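Data first, discussion second: the structure below is written as structure tokens.
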Amino acid sequence: MVGSNQTSMVTEFLFSGFPQFEDGSFLLFIPLFIIYIFIVLGNLIVFFAVRMDIHLHTPMYNFISIFSFLEIWYTTATIPKMLSNLISKKKTISITGCLLQMYFFHSLGNSEGILLTTMAIDRYVAICNPLRYPTIMTPRLCAQLSAGSCIFGFLVLLPEIAWISTLPFCGPNQIHQIFCDFEPVLRLACTDTSMILFEDVIHAIAIIFSVLIIALSYVRIITVILRIPSAEGRQKAFSTCASHLGVFLLFYGSVSLMYLRFSATFPPILDTVIALMFAVLAPFFNPIIYSLRNKDMNIAIKKLLCLQKVFNEFAR
């Protein structure tokens, strides 16, 4: 182990997640930049469409709008730095910047995961107990669940980030990933790294617990839907939760690939692909999923875009 008098030598980390794209990094910069702009604009449209259409002022759409708002900041925590690294010869980040990136990225991700679980419970109550739904899912409870998801998502990671900030970093400073993540950073610490396994177990338990709640909710929901006598009724009931189920599969599918592998190691190119799926592709498809198969959302988005056109004409 290197002596503590050398711990101050490492003041920044070097990303090495894109080494194979070194020569054509600008070609990767363009599609990633376009995807990021689409994610931000797409989720802003979904957010404002829900907020401005009184017909969408329901718990389900309120949760969708909060999720879209979180997605904007979730991607902003990592993608701008990825873009900067693609066109910069010095692909570095300060230790403080790395800790902040980890904190906001995972806090926002945790908030989204909790919100997806809340949305599954909301759909369970709406479909399995429709008569009691208005009295159970009140506007006050809806606001409390939304705020609670965000507050808990940000508070739960504070002890972990505070602990990592106390670790000495005195050896190699290359992060073998495209953004700061727990395991790649912990492997660089000049201390006992056995805590990595403990971190993996904690994260795995949280992921599996959320997946089980959502999966059990949807098993029950699908069972109830199949008992509906009319085909039209079944289709209408399923359409109300199909988009959420799609986002759930996309979000937790990429999360599972990223964090439920424990000591398994993948080739660098596969690690990069999984990270891109987790941090970029999943958020890219979410606004598409929420607007593509949802008639009410389509109508609200068209109204919003028409209002924007009218505003632009008036501004001229």
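The values are calculated or read from the model by the stated rules, or taken from the named source; none is laboratory data. Please read all numbers here as calculations on a predicted model, not as lab measurements. With ideal geometry, Cβ positions are generated from the backbone for all residues, glycine too; neighbour counts draw on all protein chains shown. For the accessible areas, the whole protein counts, side chains as well, though only heavy atoms, and no ligand, DNA or RNA atoms are used. Shrake-Rupley method; radii C 1.70, N 1.55, O 1.52, S 1.80 Å.
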- Item | Peptide ranges 28-40, 48-60 listed from the most packed, as the mean C-beta count within 10 angstrom indicates | 48-60, 28-40
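Report the charge-dipole magnitude of region 88-152 in Debye, nearest 20, computed about the Cα centre from +1 at each Lys and Arg Cβ and -1 at each Asp and Glu Cβ.
On the way: 6 positive and 2 negative charges, 61 e Å.
It works out to roughly 300 debye.
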- Per-selection Kirkwood Rh - the chain (Cα, Å, 1 d.p.): 21.4 Å
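Using square roots of five times the C-alpha gyration tensor eigenvalues, list the equivalent-ellipsoid semi-axes of region 65-215 in whole Å, biggest first. Don't skip to the answer; put the middle values down first.
On the way: eigenvalues 252, 64, 30 Å².
Those come to 35, 18, 12 Å.
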- Message: Apply the Karplus curve 6.51 cos²θ - 1.76 cosθ + 1.60, θ = phi - 60°, to the phi angles in region 31-44 and return the couplings in whole Hz, x for Gly and Pro.
- Response: x, 5, 5, 4, 4, 4, 4, 5, 4, 5, 5, x, 6, 5
- Query: How would you order 115-124, 137-146 from highest to lowest mean count of nearby Cβ atoms within 10 Å?
  - Reply: 115-124, 137-146
- Counting only heavy atoms of the protein chains, get the accessible area per residue of region 177-272 (1.4 Å probe) and round it to a whole Å² value. 52 Å²
- Karplus 3J(HN,Hα) series, Hz, for region 71-80 with 6.51 cos²θ - 1.76 cosθ + 1.60 (x for Gly, Pro): 4, 4, 6, 4, 6, 5, 5, 10, 5, x
- Task: Return the whole-Å distance between the Cα centroid of region 153-219 and the Cα centroid of region 72-89.
- Result: 20 Å
- Relative contact order as a percentage, region 131-284, C-alpha pairs under 8 Å and 6+ apart, gives 21 percent
- Query: Carbon and sulfur: what percent of the chain's accessible surface (1.4 Å probe)?
  - Reply: 70 percent
- Query: According to the square roots a ≥ b ≥ c of the eigenvalues of the Cα gyration tensor, what is the shape class of region 30-123, taking rounded for a/c under 1.5, prolate for a/b larger than b/c otherwise, and oblate for the remainder?
  - Reply: oblate
- What is the dipole size for the chain, taken about its Cα centre, with +1 at each Lys and Arg Cβ and -1 at each Asp and Glu Cβ, in debye to the nearest 20? 1180 debye
